[in-house]
Amino acid sequence: MRLMKYVGLAVVATLMLLALVPACAPTPKVAEPVKIGALLSYTGPAAGAGQLHEMAIELRLDDAGWEVAGRKIELIKEDTEGKADVGLDKTRKLVERDQVDVVLGPLQSDVAFAVGSFLAPRGVPNIAYLVHSGFLLEYETVFLTLGEDKGQVIGFGHYLSHVLGYKTISFTGPDFIASYELSKGVMMGFEGTVVKEAWFPFGTMDFAPFFTAAGKPDVLWSFFTSPPDALRFIDQYREFGIKTPLVITHIESAEPILPALGDKSLGIIGQTPYTWRIDSDINRRFVQAFENKYGNKPTAFEASAYIATSVFLEAVKATGGDTTPEKIIEALKNISMDTIAGPLHFENRSGVVPTYVVETAKLAEGVYAFEIIDSYITRIPEE
Amino acid sequence: MDAWIVNLLNGLSIGLILFLIGAGLSLILGVMGILNLAHGAFYMVGAYVGVTVAGEGANFWLAALAGAMAAGLVGLITERLFFRHLYKQLNEQVLLTFGLIYIITNLTLWIWGPWPKMGTPPPILSGSIGIGDISFPVYRLAVIVIGLVIAICLWWFQEKTRVGAIIRAGMDDKEMTTGLGVNYGLISGAVFFSGIFIAGFAGFIGAPILGAFLGAGIDILLLALIVVVVGGMGSVQGALVGGITIGLIDTFGKAIYPGMGMFTIYLVMIIILLFRPSGLLGRKVT
């Protein structure tokens, strides 16, 4: 009996030792899938954007056959709920539990700061979807795909004073860092004076009190962080018959709200990093593929996530499939590629890419779109 | 001077939309003791359904009825399925109704997609009138009138009808009322439906100014709660006073001190609660 007990213990001990063996053997990194972590806003103030980003990322991965440089791709999606603390928790999970090779997003600047501060010391590459404040670049693994706030709009400010001839300007938008940065960027290109800055608090639903607060400038520049805000503001602006021309930096307020506005949207000049009307082969193919898969035209939201994914895949191709963080970051810094928004490369991890001046036009009954009237390149602002 | 008049009218129009939003919540809370956090979600259902029906060419008032009925029906279903099992269980009600916000918002996202919609005023109420060198939209004036008409109807019902008297009696002393042979269960159900119906109606009436948007579940709820807390629970007058107070203070606050905009209504709420904990016209609820 005693003998059986000892034999049994020996068998168990051997099995346990054998179980440890695979963990000790070095697993070749090449056989493992490339893991992409995507931070998406399914709920929260930008609810709806998450779905759009997901659609675009999955389309890009479909195009690539869900593999790159001989390795399979795995996509892990997490909801930031539009909150910095939740975004940070989800990022921690993506890095520590899922061990992703890159984090895409998030959409909101405040969440991006929390996420960037976590990823940079751990060396994990972080590719943003849209523009953000240049301050985010102090986190050494952040790449601002479509440029930074100030640099996006210097050309637009220049257009307002040199092409449209405006001499005085007022600013409105949510009381938020993106608004301050963008307005400073506009002033770097605009030659004239500022009449008023009329920032409204987040959650404002009735903008009427702010129309008079903006004073009487030649032009009112505006920016919105969510489509419902843009929709309400423009609709109310038109209802009140305000005569001051309104221009919009359309980073997060996109073309799909135009049908809801109808004729009220006509004649508004704006600036956007992407519109489906960009006339290039690569974009035409993208718009066609997007429409075939999802039934509607893509906007700047979807395009930005598509480009961010493309940029990462390009970097992995450049390293020959090596996803060690330092190699990826080096590859990203040296990228030069054609994208649906135009040719893109990074300078100091800030995207240098064309951006477009647009005017809202009516293509047919009930069909509204942006007409491209000019374009310029995003700049790296000199501080 | 013109700016003052415009701000006053703006404040009143927003205030009356807030009254419509808060009235339903206040009645349900006062009569049934149910804290329905999904109130904003029902507002949203009314807005989306109404705007869609109007978009198909229906008459404005028909679309309003459609929106309100849709909200009311969803409310009735949730009442029959869930609320009747949670009488007096406040924690469970809070959890349930909060969960309902997410469910209803996701269903709305599923059916209507992520982009917001704008309502349109009926032709006779569109256009604007000049006040000095500012044009003021006619529809906002119409909202003030519509809100006041509904307030008067609800007040009349509450104070001058037998059913209203029964409801008020039940709010003060439920045991006694049922002891007198009143089928309070039926009345409660009817009040619940009406409260949600009004919320859905408010959603559609507010749509030409505020739009139909997915965030309404939380954003509108916050405003409704402030209106009920400031005005006092359980009465039409309370919701009216609360709504107008908040509407005026919010509008003037933003016009005069835009930087303080996020803070003004909460500051007012705190001050009012310090002096009148049950709200301006609140009844003490057991």
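Residues that are more than 24 Å from A:Phe143 (Cα to Cα): find the helices (runs of 4 or more DSSP H) completely inside the stretch A:247-321 holding 3 or more of those.
Once the helices (runs of 4 or more DSSP H) in the stretch A:247-321 are filtered for at least 3 residues that are more than 24 Å from A:Phe143 (Cα to Cα), what remains is A:257-261, A:281-294.
Here are some conditions: (1) under 25 Å from B:Gly22 (Cβ atoms); (2) crowded, with 17+ Cβ neighbours inside 10 Å. B:Pro114 meets all but one. Which one does it not meet?
So the condition that B:Pro114 fails would be (1).
Restricting to the stretch B:227-256, name every residue that is within 12 Å of chain A (Cβ to nearest Cβ) and surrounded by fewer than 24 Cβ atoms within 10 Å (Cβ to Cβ).
Selection gives B:Leu248, B:Ile249, B:Phe252, B:Gly253, B:Ala255, B:Ile256.
Please find, among A:Ala64, A:Ala84, A:Ala49, A:Ala56, the residue that is at pLDDT below 90 and of a type in the set (Gly, Ala, Ser).
A:Ala49
Looking only at residues that are part of a helix (DSSP H, G or I) and within 9 Å of chain B (Cβ to nearest Cβ) in the stretch A:235-246, which one is nearest to B:Val138 (Cα to Cα)?
A:Glu239
When the residues of the stretch B:90-102 are narrowed to those that are away from chain A (no Cβ under 13 Å) and touching a helix residue (DSSP H, G or I) at 6+ places or on another chain (Cβ under 9 Å), which ends up surrounded by the fewest Cβ atoms within 10 Å (Cβ to Cβ)?
B:Glu92
Looking only at the stretch A:211-228, count every residue that is under 21 Å from B:Val6 (Cβ atoms) and more than 7 Å from chain B (Cβ to nearest Cβ) and tell me the total.
7
Among the residues of the stretch B:55-70, which ones are small (Gly, Ala, Ser) and within 22 Å of B:Ile104 (Cβ to Cβ)?
Hits for the stretch B:55-70 are B:Gly55, B:Ala63, B:Ala64, B:Ala66, B:Gly67, B:Ala68, B:Ala70.
Which residues, taken from the stretch A:247-257, are hydroxyl-bearing (Ser, Thr, Tyr) and either within 14 Å of chain B (Cβ to nearest Cβ) or surrounded by fewer than 24 Cβ atoms within 10 Å (Cβ to Cβ) (or both)?
The answer is A:Ser253, and nothing else.
Residue by residue through the stretch A:102-118, note down the ones that are in contact with a helix residue (DSSP H, G or I) (Cβ under 7 Å, 6 or more places away or on another chain) and modelled with pLDDT of 90 or more.
A:Val102, A:Val103, A:Leu104, A:Pro106, A:Val111, A:Ala112, A:Phe113, A:Ala114, A:Val115, A:Gly116, A:Phe118
Would you mention how many residues in the stretch A:184-210 are at the interface with chain B (Cβ under 10 Å from one of its Cβ atoms), outside any helix (DSSP H, G or I) and of a type outside the set (A, V, I, L, M, F, W, C)?
Residues meeting the conditions: 6.
Looking only at the stretch B:103-131, count every residue that is within 11 Å of chain A (Cβ to nearest Cβ), over 24 Å from B:His39 (Cα atoms), over 24 Å from the mean Cα position of the chain (by Cα) and not β-branched (Val, Ile, Thr) and tell me the total.
So the count comes out to 3.
In the stretch B:179-190, is there at least one residue being aromatic (Phe, Trp, Tyr), under 13 Å from the mean Cα position of the chain (by Cα) and part of a helix (DSSP H, G or I)?
No, the stretch B:179-190 contains no residue that is aromatic (Phe, Trp, Tyr), under 13 Å from the mean Cα position of the chain (by Cα) and part of a helix (DSSP H, G or I).
Taking the residues in the stretch A:223-245 that are closer than 22 Å to A:Leu52 by Cβ and of a type in the set (S, T, N, Q) as candidates, determine which candidate is surrounded by the fewest Cβ atoms within 10 Å (Cβ to Cβ).
A:Thr225
May I ask you to list the residues in the stretch A:62-98 that are touching a strand residue (DSSP E or B) at 6+ places or on another chain (Cβ under 9 Å), basic (Lys, Arg) and under 12 Å from A:Ala114 (Cα atoms)?
The one that is touching a strand residue (DSSP E or B) at 6+ places or on another chain (Cβ under 9 Å), basic (Lys, Arg) and under 12 Å from A:Ala114 (Cα atoms): A:Lys90.
The values are calculated or read from the model by the stated rules, or taken from the named source; none is laboratory data. No experiment lies behind these values; they were computed from the predicted model shown. Cβ: placed from backbone, ideal geometry, glycine included. Neighbour counts: every protein chain shown.
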